[in-house]
């Protein structure tokens, strides 16, 4: 019996959250592993996707028949306002009878809204991970994960991560070889380096405590200065132990780890602004290239040089050649990377 | 005046070739850089995409109005059979008046069929690069490129590379900062490591020459054996110079480069089969880990270890946690990578 996948969709659904997974499943079919796809919405009929492109032929939960895997797609409004009661009811109806329940991007807000992720680990778009955690404190949000599985629930990071998630489902159903062949067809990696943390631009949470505020401001203003525990405690006129307690309460981490994170964010910005690795290491407070490299590998799963290449420009010294636009006519010179 | 992008689509069009670029342009709009999207088909109305999902509301070339950028999407049949006259005519009509003409994946076959890529560099899906080059000998196909620009023409590699291509268009129109913000929203890299060569499974072209055939078979059978030029020439009972000429004529490369390519392909397979880097270096004929690493960096833009991680499985030791399926109910144990 062909495995049936039901996509829960709605007006404003992110098209790529639907089309990416659908393309993975289509390619699985070409390899001899067919999946039945059905689009499910609260009222059936047509829904309007993020790009304006309509999705027609959707059915209601009642009309969807058997659904083995449910996939709830994301959309901008899910993180910005309470989830519609109708969308919740639709999702509950199909999730109840499915053996596997997945969400892409902000689709996690729908599953969380139904309490299905309580006590579970979950992923969502990096931009909304904090909101999901605050709105649903019983969900253990993993902000860096590309996708997370917990029991019969699988949740993914933002938008294109739906492709990664669906490859993982196919891998479960048909093995890593099938997933690899599909990834090659789609020209995507089976597993991405560094997880979602590579994409975030994490701003340190603003501390509400009047005591921490000036300390945090001084670290943010000059990350390369000396910010070890004793000097920070002295600046705040508290004991190191009390300062550590305050950091835990306000920022959920230790002073040293928080300072490292601020320096890493600063280093990422400097790198993308075109500074040399050595200059970045010095001005971000890491000192040596080797320390910078170690911190990058630990937090982002990549080196400073590879990170910069990945995020600086679409133009590469190999694999891409470009000329200026608009430049009709003949072949033009290459712009190096 | 809003930049207008016309997507040329048809029955069987790969949905992700359309929806990926459309999502990039939608995100550009959210950043204050709006694009008008219009779907164009030979007859207008509805077309059926690869996944079965219909695309409705397409218009004819005549009805499309002004089009600044044309983007021709791909589809399986474009590489497999001659391109429909209607699709060619539709594309010609919109391409003539556009300042920029792009193709995703096998969409390059449409542009090449119109002669628009003659004398130009171009990219297409790795699986069809050889076919494009054979069918259109005046096109300079770059098999490893993710996207290639030549004059007002931009062509991309397969399927998901349409996202990369569209980020490059936005970068041209609105700068690298805008492209980077969109890439972050979509959770994709702005520039991918290693180009398309990471995805191909290059089989050495079968030599038609009776003299090369047994030599090629012996290298393929045991890539790690000694295959330097003198010993290969001795085995074929020809002079080294004549052997080099034969390789050029039959395989378009030197004996040494061809042997290196065979060893690289063998090494990739052994790595994905789970062999250690040292074992792979020895059994593929590269000898040392360092040589293997150098060859990987030169051809694939990555290290053997990173290559394996990227292609072995969707399950990662960080960023993803998984349990067995179907496993309804409670949180389950993690399977490490």
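Just so you know, all these numbers are worked out from the coordinates, no wet-lab data involved. These numbers were taken from a predicted model, which means no experiment stands behind them. Methodologically, a virtual Cβ is constructed for each residue, glycine included, from the backbone with ideal geometry; neighbour enumeration extends over all protein chains shown.
Remarks
- Alpha carbon centroid spacing (whole Å) that separates the range B:23-43 from the range A:139-153: 32
- With eigenvalues of the C-alpha gyration tensor scaled by 5 and rooted, the range A:16-66, Å: 21, 16, 7
- 0 to 90° range, to nearest 10: angle between helix A:85-97 axis and chain A longest Cα axis: 70
- For the rotational copies B and A, the chain B residue with its Cβ nearest the relating axis, together with that separation in Å, is B:19, 2.
- Paired Rg and Dmax values of the range B:3-198, which use every Cα atom, in angstrom: 15.2, 43
- Relative contact order, whole percent, for the range A:77-123 stands at 45, derived from Cα pairs under 8 Å and 6 or more residues apart.
- Taken along its principal axes, the alpha carbon cloud of the range B:93-144 reaches lengths of 30, 19, 14 Å, longest axis first.
- Taking the C-alpha atoms only, the angle from helix B:255-272 to the longest principal axis of chain B is near 70 degrees.
- Distances between copies at residue B:118, taken between label points 7 Å from Cα along the C-beta direction, are 7.0 nm in increasing order.
- Where both bridge residues fall in the range B:1-113, DSSP classifies roughly 20% of the beta bridges as antiparallel.
- Distances between copies at residue A:134, taken between label points 7 Å from Cα along the C-beta direction, are 6.0 nm in increasing order.
- Antiparallel %, DSSP beta bridges [both residues in chain B], to 5: 30
- Largest GNM mean-square fluctuation among B:240, B:193, B:143, using chain B with Cα springs under 10 Å: B:240.
- Listing A:185, B:80 from fewest to most neighbouring C-beta atoms within 10 Å gives B:80, A:185.
- Sequence-separation-based contact order of chain A, relative, with Cα cut under 8 Å and 6+ spacing, percent: 11
- With contacts taken as Cα pairs under 8 Å at a separation of at least 6 residues, the range B:212-312 carries a relative contact order of 23 percent.
- Taking the fewest neighbouring Cβ atoms within 10 Å as the starting point, the ordered list for A:144, B:84 is B:84, A:144.
- Sorted largest first, extent of the range A:134-240 alpha carbons per principal axis (Å): 60, 32, 21
- Largest to smallest principal axis extent of the C-alpha atoms in the range B:212-312, angstrom: 42, 21, 20
- Looking at the protein assembly as shown alone, DSSP beta bridges between its own residues are antiparallel in about 30 percent of cases.
- By other beta-carbon atoms within 10 Å, ranking B:4, B:257 with the fewest at the front produces B:257, B:4.
- Kirkwood analysis of the Cα pair distances in the range B:1-107 returns a hydrodynamic radius of 13.7 Å.
- The same position residue A:32 in the other copies lies at 5.5 nm from this copy, comparing label points 7 Å beyond Cα toward the beta-carbon, shortest first.
- Unit Cα scatterers, Debye sum, the range A:57-139: log10 I(q)/I(0) for q = 0.22 Å⁻¹: -1.04
- Angle between chain A longest axis and helix A:161-174 axis [Cα atoms, degrees, rounded to 10]: 60
- Directionally averaged projected area (chain B, Cα convex hull): 21.1 nm².
- Where labels lie 7 Å past Cα in the beta-carbon direction, separation of residue B:43 and residue A:283 in nm: 6.1
- Taking 7 Å steps out from each Cα toward its Cβ at residue A:298 and residue A:226 produces label points 2.1 nm apart.
- Seen from all directions on average, the protein assembly as shown presents a Cα convex hull projection of 31.4 nm².
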